[in-house]
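Structure record follows, encoded as structure tokens.
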Ligand SMILES: [Zn+2]
């Protein structure tokens, strides 16, 4: 994710800066763009919900409500490993006096990680039916947690298929103060972090459980639909609607799944190194503006190629990007096809495509480790500028250190554990990026290059924690770096200007 203008050497872009956290931004945008701002009532009476919770508490084979991330206790679910999502959604745009509607089903192929008499999924929409291996299941829907009780209990290690059906207004829902449905009467893009899935499909909504995806979206036949990975088919249904099918063949975290529908100009091609590219710009922008956006976006293939020379092979089967007119005010690293909310600039494109390695392929195991995404993407913006005749990463680090040295609020954030409401705070990005620039100077460019490439290769399609990165940095460099990382990631003051700290 990328938002606002921080530090030295970034291209100027968004008028707004220094926001405490993205959640607040998103909430503000959603309220501004939504006619109604009341929170939807969760389905199921309080009695039903507390009854289900009581039964779950008594039953030792109930899957936990969350995956175990202390930042967001209800994110993800216990006892299940989703292998594949097959999303089949129909979206009806809002019309005068009529709210938007999202109906359809999510089919999840799951492996049980424990015996399960019941299990949870994350879904804000009200479920209308749930089947497990083709048999109707009991369920309680509401308040983000969909509790499913199959007719027959499931054994540890068993593979099973769950179908969840829904028909609801996604714009009516908020979660943790976030109103993340981003749409108007002409365009919709499902983009947000860390929460987005529960507005449009039933999910084990945490990056620790990645899965492959088939995403089919049915909507008005004059709309173009984009999503992750490769487009498989578009079928005209003969009733004014069309169904577009996309496939993400590599494992993906749930928040990185997206679809966009609207009047998009689409360009497909291949990067010089041979990676298929699909990019799109909304025709809601005027022709001149659209041309300016394309001058940046059309370089997605070349930027991906350059990142391969830095980081090793691109982890996925296609690349590109999408610029929407919807004023998200941020860009997001949706897998294979980052989304840009209202603008794109060269540095932001480098940031989002760098996330394909760090954030998407190598994902966080806990949200507290978010600097492993944002610090890395920010460092690669600086590295890209250096490699293209700009400021060196070391000078970039030193200039930021100079400018920020006396700013206590900046150094107060523990970027290896910033807290759930600060995962997108400025220091996570900038101090994180400066950490890597300093590390490169400390261990040398050759070892640093080996480190980043080995990190990307070793943990491809996996998840990571900060301690693992420190251990690999020590192994690759043959140095003890505990003091270095304490000073750069955790100490509540600017690192001293010492050789040990990478100066
Ligand atoms: Zn980012």
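The values are calculated or read from the model by the stated rules, or taken from the named source; none is laboratory data. Note that the structure is a prediction, hence the values are computed from the model and not measured. No Cβ is skipped: glycine too gets one built from the backbone with ideal geometry, and neighbour counts run over all protein chains shown.
Observations on the model:
- Among the candidates 52, 32, 40, residue that is modelled with pLDDT under 95, surrounded by fewer than 19 Cβ atoms within 10 Å (Cβ to Cβ) and part of a helix (DSSP H, G or I): 32
- Yes/no for residue 361 being modelled with pLDDT of 95 or more, over 16 Å from the mean Cα position of the chain (by Cα) and on the phi < 0 side of the Ramachandran plot: no
- With respect to being exposed (fewer than 15 other Cβ atoms within 10 Å of the Cβ), closer than 20 Å to residue 88 by Cα and more than 19 Å from the chain's Cα centre (by Cα), residue 136 fits the description.
- Take the conditions (1) assigned to a helix (DSSP H, G or I); (2) in contact with a helix residue (DSSP H, G or I) (Cβ under 8 Å, 6 or more places away or on another chain); (3) more than 16 Å from the ligand (Cβ to nearest atom); (4) touching a residue at least 24 places away in the same chain (Cβ under 8 Å); residue 403 misses just one of them, which is (2).
- Every condition in (1) part of a helix (DSSP H, G or I); (2) under 21 Å from residue 411 (Cα atoms) is met by residue 495 except one, and the failing one is (1).
- Yes/no for residue 445 being touching a strand residue (DSSP E or B) at 6+ places or on another chain (Cβ under 8 Å), more than 16 Å from the ligand (Cβ to nearest atom) and either at positive phi or modelled with pLDDT of 95 or more (or both): no
- Among the residues making up region 153-185, those that are part of a strand (DSSP E or B) and in contact (Cβ under 8 Å) with a residue 60 or more places away in the chain are 159, 165, 166, 167, 168, 178, 183.
- Where residue 405 falls short, out of the listed (1) at pLDDT 95 or above; (2) over 18 Å from residue 502 (Cα atoms); (3) surrounded by fewer than 24 Cβ atoms within 10 Å (Cβ to Cβ): (2)
- All positions within region 186-205 that are over 10 Å from the mean Cα position of the chain (by Cα) and in a loop (DSSP other than H, G, I, E, B): 186, 187, 190, 200, 201, 202, 204, 205
- Being in contact with a helix residue (DSSP H, G or I) (Cβ under 8 Å, 6 or more places away or on another chain), away from the ligand (no atom under 16 Å from the Cβ) and within 21 Å of residue 210 (Cβ to Cβ) is a property that does not hold for residue 255.
- No other residue among 104, 9, 78 is modelled with pLDDT of 50 or more, on the phi > 0 side of the Ramachandran plot and away from the ligand (no atom under 16 Å from the Cβ) apart from 104.
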